[in-house]
Amino acid sequence: MQPSEEVQRRRTFAIISHPDAGKTTLTEKLLLYGGAIHQAGSVKARKAERHATSDWMEIEKQRGISVTSSVMQFEYEGFHINILDTPGHQDFSEDTYRTLVAADCAVMLIDAAKGVEAQTIKLFHVCRMRSIPIFTFVNKMDRAARDPFELMEEIEKVLGIHAVPVTWPIGTMGDFQGVYHRETGEVEVFSGDSRHGADQVKARFVPFESEEIESVLAESYREKLLEDRELLDVAGDEFDLSKVRAGLLTPMFFGSAMNNFGVESFLAKFLEYSLPPQARQDEAGQVVEPTDPNFSGFIFKIQANMNPAHRDRIAFLRICSGKFQKGMSVRQAATGKEIKLAQPQAFMADAREGVEEAWPGDIIGLFDPGIYALGDTLYTGRKVQYAGIPVFAPEHFARVSTLDSLKRKQFLKGVTQLATEGAVQTFRRADGIGEEVIVGVVGVLQFEVLQYRLKNEYGVEVNVQPLNFTAVRWVVQTPQELTRLRLPSTARIAKDRQEKDVLLFESEWSIRWALENNEGLELSDTAPRGE
């Protein structure tokens with residue numbers, strides 16, 4: 001197969017949603033219909049032997065939530081699909097932001113009863129900043145749902161994007177009958193599933209204009225569908241594939257991931273409408289086409305201890321151009337060093353297999369002995385350096401220390417590795433007083449994950465003592481030595497993991513006071529490149 005053909009059949013996308021909208025369930029069902037798994041697990045069935053394929057970390061299985069992104073790859077109808085399943089919980093949003101940089105498009109999952117929720121809004125705006133196509137799947141239609149016209153209006157008003165329904169629900173008050181496919185004029189008939197969608201369900205399609213529809217839909221449902229259809233044709237937006245691919249219009253689908261309903265038909269249309277990997281621009285402004293024979297890609301995630309037995313660390317690489325081959329030598333843009341990529345791996349959450357070759361759009365795992373950093377570019381041929389992945393300022397801070405002083409070495413190793421993968425950020429006092437480790441996180445639940453992983457992956461129990469700081473700012477420019485600055489008494493001078501100067505503050509007022517009383521002081525809420 002030619003390189004251009006390999007690129008054309010790739011689809012790489014992330015699934016975004018508010019917690020509990022059913023994101024992990026939808027991921028499972030896409031894998032089920034793609035033939036990647038034979039039986040879907042349920043995150044809710046805590047006592048069952050099966051758990052969601054994408055929730056591979058033990059704490060995820062116990063809590064029933066996703067706390068880290070996972071990558072799943074499978075073949076379907078001639079397409080090679082890379083799914084990036086992201087944490088929905090806001091406390092792990094930084095991991096999601098990083099993952100979205102590696103996606104070519106996004107599936108936005110909405111709870112039919114709750115509509116557009118807070119975390120969905122944040123993640124949607126990250127997608128819009130990159131102008132990537134966004135596909136909307138309205139989930140949980142098997143339960144009482146909001147009026148679909150209301151949901152369309154809410155998407156437009158809250159998110160600022162027009163929605164055009166590809167399918168339309170029939171029965172929204174807990175009496176779900178199925179969906180109408182506007183393009184074909186067929187009704188996809190809903191049937192409840194007592195096995196909670198563990199197995200594939202064969203879809204049944206009935207033409208709306210046929211006599212058979214009378215035995216499928218009661219007259220009241222047929223009349224309501226006719227009214228809705230007329231209103232959509234008159235007042236709704238027209239479907240425009242060019243606008244969809246430009247991220248200006250979102251196709252809208254309705255279904256029930258738990259019952260497998262609407263999932264396969266959604267997947268088919270998604271693959272038809274979505275784009276293969278596109279050209280990317282590097283920091284020098286040069287456009288890198290995916291069909292460029294020179295290889296390039298960037299590290300968007302680092303995960304330690306995916307295999308607890310081997311205490312390994314994996315760097316996730318998104319391929320942007322050229323052909324990847326096992327054993328090839330590449331250059332690291334940040335250091336200029338040559339690296340041989342000897343043990344590449346493909347993923348199904350935590351399950352892995354060796355990779356001989358891969359193409360633009362694919363996500364591969366590289367064994368990391370400590371040489372990679374988030375945002376690293378790897379390339380062959382002319383130098384390419386993609387824009388770094390921003391590190392956002394944490395909002396919660398704590399002093400973390402080991403309960404057993406004899407395990408300080410393991411403690412420092414664990415904290416360092418978790419900071420390298422972006423799970424937490426670490427700081428140390430710059431005044432030489434004490435050797436305390438200050439940990440910063442975006443959400444407080446990350447402290448619980450930190451404690452859990454240090455205990456289970458490194459054998460270290462720690463004490464987490466919350467601090468009053470609410471913000472960190474990186475020092476971009478200072479008029480004098482930091483120790484001579486006029487700062488609020490509660491502020492602290494520190495160093496980040498890369499030995500860059502930072503200031504820790506207890507409030508926004510403190511930040512403003514420091515800036516107003518130190519002319520020439522310049523601060524940033526994101527870390528400089530290289531963090």
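The values are calculated or read from the model by the stated rules, or taken from the named source; none is laboratory data. Keep in mind it's a predicted model, so treat the numbers as computed, not measured. Reconstructed Cβ throughout: ideal geometry from the backbone, glycine too, with neighbour counts over all protein chains shown. These accessible areas exclude ligands, DNA and RNA; they are computed on the full protein's heavy atoms, side chains included. Shrake-Rupley method; radii C 1.70, N 1.55, O 1.52, S 1.80 Å.
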Six or more apart or on different chains, Cβ under 9 Å: which pairs go from a residue in segment 454-478 that's under 22 Å from Asn518 (Cβ atoms) to one that's basic (Lys, Arg) and open to solvent by less than 80 Å² (accessible area, probe 1.4 Å)? Could you list them?
Phe469/Arg492; Trp474/Lys500; Val475/Lys500
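Identify the residue in segment 222-237 that is at pLDDT 95 or above and under 36 Å from the mean Cα position of the chain (by Cα) and, among all such residues, is surrounded by the fewest Cβ atoms within 10 Å (Cβ to Cβ). Step through it out loud before you land on a result.
Applying the first criterion (at pLDDT 95 or above) to segment 222-237 yields 222-232.
In the following step, the residues that additionally are under 36 Å from the mean Cα position of the chain (by Cα) were identified as 225, 228-229, 231-232.
Working: Leu225: 20, Asp228: 19, Arg229: 16, Leu231: 11, Leu232: 18.
So the residue we want is Leu231.
Taking the stated definitions as given, is Ala419 open to solvent by 60 Å² or more (accessible area, probe 1.4 Å), modelled with pLDDT under 95, aliphatic (A, V, I, L, M) and within 26 Å of Phe316 (Cα to Cα)?
no
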Can you pull out every residue in segment 428-445 that is part of a strand (DSSP E or B) and in contact with a Pro (Cβ under 9 Å, 6 or more places away or on another chain)?
Val439, Gly440, Val441
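Could you list, in sequence order, all residues of segment 449-472 that are among the β-branched types (Val, Ile, Thr) and within 17 Å of Ala393 (Cα to Cα)?
Of segment 449-472, the ones among the β-branched types (Val, Ile, Thr) are 449, 460, 462, 464, 470, 472.
Correct list: Thr470, Val472.
Can you name every one of the helices (runs of 4 or more DSSP H) wholly within segment 207-307 that holds 2 or more residues which are free of Cβ contacts under 8 Å to residues at least 40 places away in the same chain and closer than 30 Å to Pro3 by Cβ? Spell out how you get there, then give the answer.
Numbers: elements: 219-235, 241-245, 263-273.
Those helices (runs of 4 or more DSSP H) span 241-245.
Going by the conditions given, is Arg352 more than 30 Å from Leu31 (Cα to Cα) and open to solvent by 20 Å² or more (accessible area, probe 1.4 Å)? Can you show your working first?
On the way: more than 30 Å from Leu31 (Cα to Cα): no; open to solvent by 20 Å² or more (accessible area, probe 1.4 Å): yes.
No; evaluated as a whole, the condition is false for this residue.
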Restricted to segment 1-26, and to residues that are touching a helix residue (DSSP H, G or I) at 6+ places or on another chain (Cβ under 9 Å) and part of a strand (DSSP E or B), which residue is nearest to Gly115 (Cα to Cα)?
Ile16
Could you list all residues from segment 238-263 that are open to solvent by less than 10 Å² (accessible area, probe 1.4 Å) and hydroxyl-bearing (Ser, Thr, Tyr)?
Thr250, Ser256
Taking segment 371-403 as the search range and keeping residues that are closer than 30 Å to Val462 by Cα and among the polar types (S, T, N, Q), which one is surrounded by the most Cβ atoms within 10 Å (Cβ to Cβ)?
Thr402
Among His162, His125, which is open to solvent by 60 Å² or more (accessible area, probe 1.4 Å) and in contact with a helix residue (DSSP H, G or I) (Cβ under 6 Å, 6 or more places away or on another chain)?
His162
Just one of (1) under 22 Å from Phe298 (Cβ atoms); (2) among the β-branched types (Val, Ile, Thr); (3) surrounded by 21 or more Cβ atoms within 10 Å (Cβ to Cβ) trips up Val449, so point out which.
(1)
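Answer yes or no as to whether Ile81 is part of a loop (DSSP other than H, G, I, E, B) and modelled with pLDDT of 55 or more. Lay out the reasoning, then the answer.
Details: part of a loop (DSSP other than H, G, I, E, B): no; modelled with pLDDT of 55 or more: yes.
Judged against the criteria, Ile81 is not a match.
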For segment 128-145, which residues satisfy the criterion of being among the basic types (Lys, Arg) and open to solvent by less than 60 Å² (accessible area, probe 1.4 Å)?
Lys140
Scan segment 452-474 for residues that are open to solvent by 30 Å² or more (accessible area, probe 1.4 Å) and under 17 Å from Val502 (Cβ atoms) and jot them down.
Leu467, Asn468, Thr470, Arg473
